[in-house]
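What follows is a set of notes on a single structure, which appears directly below.
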Amino acid sequence: MFSLPVHVSLAAEHAASPWLIGAMGLCGLVVGSFLNTVIHRLPRMLERAWREECAALDGREAQPAPAYNLAIPRSHCPHCNAPVRAQHLVPLLSWLWLKGRCADCGAAISARYPAIEALTAVLFGVCAWRFGFDISLLAALVLTAFLVALAGIDLETHYLPDQLTLPLLWIGLALSLVGDGEPFPLGPREAVLGAIVGYLSLWIVHHVFKRITGKDGMGYGDFKLLAALGAWLGLQALLPLIFFAALAGAVIGLVLIWVFKRPREAPIAFGPYLALFGWLLLVFGERT
């Protein structure tokens, strides 16, 4: 049994109306569209910043480049660079209407975009059903959005950016300051312990593995993500979270190696499994 930072009563769960669930699902489509931008652009923003830092350390002047952030430039086709028209920015429906192709050049548009939008919509709807119309719902939606973005970035790039993991950690700790009661029963002591043990547990595993094999088993982003989940979910959630995430990662890794002939040396992102089971424990875990 473990405590979660958001309070869920059966009454609140069953009080969630279809209107609330539908509204949160639509909200999830919009948020998912923004998360697609974060997943695509944030790693590139970081790589650009790293190149500029390397140039500065070498005493070189970085080459000037056009502004690039989450807002600039506007959405465009990566193949022909044509700006995406306003009528084609409707989450999920535009991709279906265009049959997954650019309206200008006809190049294929990654199915990741509608998948993230649909996934976020479903997760937001489930949160609305589980938490009802309560401030707890807002906290659950924030955690859900962060986890979707982190999982998507890790799957594509094997990054878990500090720009997401650290704010998630601090938000979890901040919520604990109003804990020890409704709607956030996880107090500061449990949140801080969860964060510390979450970070150190993977840090120790990583260094033991490296000492034995001479190889890195995981990245420091995984430590920070688990620390953030520890701050949100509490100390007692960490054991089942690590167990199920590691089990799922091992099973899928073996399938990729044996069935799809993936090289054994190829890295496997661990963040998505932490994100998945962290979310499942948030929504469906038992409360003390």
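Results, tabulated for the structure shown:
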read-out: Single condition PRO185 does not satisfy, out of (1) assigned to a helix (DSSP H, G or I); (2) surrounded by fewer than 23 Cβ atoms within 10 Å (Cβ to Cβ); value: (1)
read-out: Selected residue (criterion: most open to solvent (accessible area, probe 1.4 Å)) from residues of the stretch 113-145 that are hydroxyl-bearing (Ser, Thr, Tyr) and under 20 Å from SER33 (Cα atoms); value: TYR113
read-out: Long-range neighbours under 7 Å by Cβ, at least six apart or interchain, first residue touching a residue at least 40 places away in the same chain (Cβ under 8 Å) and of a type in the set (Lys, Arg) within the stretch 212-239, second open to solvent by less than 60 Å² (accessible area, probe 1.4 Å) and in a helix (DSSP H, G or I); value: LYS224/THR165; LYS224/LEU169
read-out: Residue in the stretch 242-252 that is open to solvent by less than 10 Å² (accessible area, probe 1.4 Å) and either outside any loop (DSSP other than H, G, I, E, B) or touching a Cys at 6+ places or on another chain (Cβ under 8 Å) (or both) present; value: yes
read-out: Out of ALA23, ALA67, ALA55, sole residue that is modelled with pLDDT of 95 or more and farther than 17 Å from ILE116 by Cα; value: ALA23
read-out: Matching residues in the stretch 123-145 - criterion: being touching a residue at least 40 places away in the same chain (Cβ under 8 Å) and within 15 Å of the chain's Cα centre (by Cα); value: LEU123, PHE124, ALA139, ALA140, LEU141, LEU143, THR144, ALA145
read-out: Flag for GLU52 being among the charged types (D, E, K, R) and part of a helix (DSSP H, G or I); value: yes
read-out: First in the stretch 55-80 and more than 24 Å from TRP95 (Cβ to Cβ), second anywhere and at pLDDT 85 or above and exposed (fewer than 12 other Cβ atoms within 10 Å of the Cβ), Cβ under 9 Å, 6 or more apart; value: ARG60/CYS54; ALA62/GLU53; ALA62/CYS54; PRO66/ILE72
read-out: Only listed residue being more than 23 Å from GLU156 (Cβ to Cβ), open to solvent by less than 80 Å² (accessible area, probe 1.4 Å) and touching an Asp or Glu at 6+ places or on another chain (Cβ under 6 Å), chosen from GLY271, GLY285, GLY230, GLY234; value: GLY234
read-out: Residue within the stretch 167-177 that is within 20 Å of ARG41 (Cβ to Cβ) and in contact with a Phe, Trp or Tyr (Cβ under 8 Å, 6 or more places away or on another chain) present; value: yes
read-out: Residue that is nearest to VAL142 (Cα to Cα) [pool: residues in the stretch 253-268 that are open to solvent by 50 Å² or more (accessible area, probe 1.4 Å) and in contact with a Leu (Cβ under 9 Å, 6 or more places away or on another chain)]; value: ILE268
read-out: Condition broken by THR37, with the remaining ones in (1) assigned to a loop (DSSP other than H, G, I, E, B); (2) open to solvent by less than 50 Å² (accessible area, probe 1.4 Å); (3) β-branched (Val, Ile, Thr) satisfied; value: (1)
read-out: Failed item, numbered, when LEU160 is tested on (1) open to solvent by 30 Å² or more (accessible area, probe 1.4 Å); (2) touching a helix residue (DSSP H, G or I) at 6+ places or on another chain (Cβ under 9 Å); value: (1)
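The values are calculated or read from the model by the stated rules, or taken from the named source; none is laboratory data. Since we're looking at a predicted model, the values are computed, not measured. Every residue, glycine as well, gets a Cβ built from its backbone with ideal geometry; the counts of neighbours run over all protein chains shown. Note: areas computed on protein heavy atoms with side chains; ligands, DNA, RNA excluded. Shrake-Rupley method; radii C 1.70, N 1.55, O 1.52, S 1.80 Å.
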